[in-house]
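Below is one structure, written out as structure tokens; comments come after it.
The values are calculated or read from the model by the stated rules, or taken from the named source; none is laboratory data. The shown structure was predicted, so the numbers you read here are calculated from the model rather than taken from an experiment. Every residue, glycine among them, receives a Cβ derived from its backbone with ideal geometry; neighbour counts consider all protein chains shown. We work out accessible area using only protein heavy atoms, side chains counted, and drop any ligands, DNA or RNA first. Shrake-Rupley method; radii C 1.70, N 1.55, O 1.52, S 1.80 Å.
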2 protein chains.
Amino acid sequence: MAIILYDLCARDERIRFSPHCWKIKMALAHKGLPFETRPTPFTKIPEIGGGFSKTVPVIDDGGKLIRESFDIALYLEDAYPDRPSLFKGEGGRAEAKFVESWAITDLHPPLLPLIIRDIHGGLDEENQAYFRESREKRFGKTLEDMQAGRDGLVGAFRDKALAPLRLTFKRQPFLGGDTPTFADYIVFGAFQWARVVSPFPVLEAGDGVSDWFERCLDLHGGIGREMRAAA
Amino acid sequence: MAIILYDLCARDERIRFSPHCWKIKMALAHKGLPFETRPTPFTKIPEIGGGFSKTVPVIDDGGKLIRESFDIALYLEDAYPDRPSLFKGEGGRAEAKFVESWAITDLHPPLLPLIIRDIHGGLDEENQAYFRESREKRFGKTLEDMQAGRDGLVGAFRDKALAPLRLTFKRQPFLGGDTPTFADYIVFGAFQWARVVSPFPVLEAGDGVSDWFERCLDLHGGIGREMRAAA
């Protein structure tokens, strides 16, 4: 039985943009596990499993529900040990937590203002209202004000925020080495989010980070690239 | 035969402050390998092995010379596979490169101005001249100017630069998980550098990063803590 993934969707249900859901789609594909997605707008998340989680991704593996992307990856690794490893050992599992922590503290915060109004633009009316209210309360300014400065912010984002990634990809093709680990999917999710919701070029063509992202889009039969980029 | 480590030293040869040499002392202790250090001031590095390396650490393992801290760690892991692992598998080996890249791009640059004049203060006259000239040329200002603003810089250093470490240590005791990997020693080296050369408190007591650093100082019989802190 295929694993079910509750996957955040836009007004157009084919548009799947959640960075955290993308981590899990890549992880499922990496493991070669059949899965089906259930398009889920923000406002329908509370209905999953009768209030099982405040966030997606959530997976349902034969009736067993699991939430939180890192926990889902750990579950998949342990439940399907004979499939290709997401972590390549205990060290990779532990150090991926640092990659995820870095993505939370140093990657998502400067990336979000580059695309936040565009995320809103893709939602239906009910979800736009939810998204605007929750995000404007959290950040203390309007979505429009946040995104307005992006032409001036993107240079520092590329040069400074992406510096540790750029240096890593000078030394090896993936965070996981010659082939990706879940650490790659953690970071991939962020750039795929941007690619799917916004035409704004957060990455510069020819940069090492952009080259790595293109490699990720080609992985696992190109499931990342199949999702159309925002135009 | 004990491995020989060429280890950067101050005017007082007992003071060993190089962050990169500390990575290797911790790695050698982690592996339980006997080693002896050779105190080496900056200006004597070119004499090691007749010009073998521009930097330390360099190790001599039974006549085989190896340079560059990450390469030394890889050598030790592969040459002594039956000893405790420095990486805990292929994933840990690869992802430690991201930790090292992050340390190079996001940790050392904001840490250095907090301690750079104090590094100089511990050197002998010849090495002071070398250090001042090379660093002032590289950074385009005097050591004194660089360090002068540290009271105003340390808050952002703690809050911003250390954020991904802090979040990681909310979730696990070491970057390597329940026990350290070389990734921990990469980061440990930076804070040990600061501890040994400067009385300036780069870490705040009670912070999660400080707690982790204290745990590291206790590792392997306390070889980190045996080196006295600057007063």
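Summary of values
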| item | result |
| --- | --- |
| Calculated P(r) tail over 19 Å for segment A:58-151, as whole % of Cα pairs | 60 percent |
| Sum of side-chain charges, B:T37 neighbourhood, beta-carbon under 15 Å (Lys, Arg +1; Asp, Glu -1) | -1 |
| Net +/- balance of residues flanking A:I115 in space, Cβ distance below 10 Å, scoring K and R +1, D and E -1 | +2 |
| Descending principal axes extents, segment A:132-198, alpha-carbon based, whole Å | 42, 23, 19 |
| Convex hull projection area averaged over all views, the protein assembly as shown, Cα basis, nm² | 23.5 nm² |
| Stokes-Einstein diffusion coefficient of chain A, Kirkwood radius over Cα pairs, 10 °C, 1.306 mPa s, in µm²/s | 88 µm²/s |
| Convex hull volume per residue in cubic angstrom - Cα atoms of segment B:1-72 | 80 Å³ |
| Unit charges on C-beta of K, R, D, E only; dipole of the protein assembly as shown, Debye | 280 debye |
| Calculated label separations, B:G121, copies of the chain, 7 Å along the beta-carbon direction, nm | 5.5 |
| Probe 1.4 Å, protein heavy atoms only - accessible area per residue of segment A:113-231 in square angstrom | 44 Å² |
| Inter-copy label distances at B:E133 (7 Å, Cα→Cβ; nm, one decimal) | 6.8 |
| Within-12-Å neighbourhood charge of A:Y80 [Cβ basis; K, R +1; D, E -1] | -2 |
| Solvent-accessible area buried by A and B, counting both chains, probe 1.4 angstrom, square angstrom | 2500 Å² |
| Protection proxy ranking, peptides A:187-199, B:75-87, average beta carbon neighbours within 10 Å, highest first | A:187-199, B:75-87 |
| Chain A, rotation onto B, residue closest to that axis via Cβ, with its distance in Å | A:G89, 1 |
| Average beta-carbon neighbours from other chains, 10 Å sphere, peptide A:156-165 | 3 |
| Å³ per residue enclosed by the Cα convex hull of segment A:104-231 | 115 Å³ |
| Accessible-area value, A:I119, 1.4 Å probe, nucleic acids and ligands omitted, Å² | 10 Å² |
| Shielded by partner chains, segment A:64-95 residues - at least 20 Å² of accessible area, 1.4 Å probe, vs chain alone | A:K88, A:E90, A:G91, A:G92, A:A94, A:E95 |
| Pseudo-label separations to other copies for B:P201 - Cα-to-Cβ vector, 7 Å, nm | 4.8 |
| Solvent-accessible area, 1.4 Å probe, carbon plus sulfur percent, for segment B:98-199 | 52 percent |
| Number of partner chain Cβ atoms within 10 Å, mean per residue of B:171-180 | 4 |
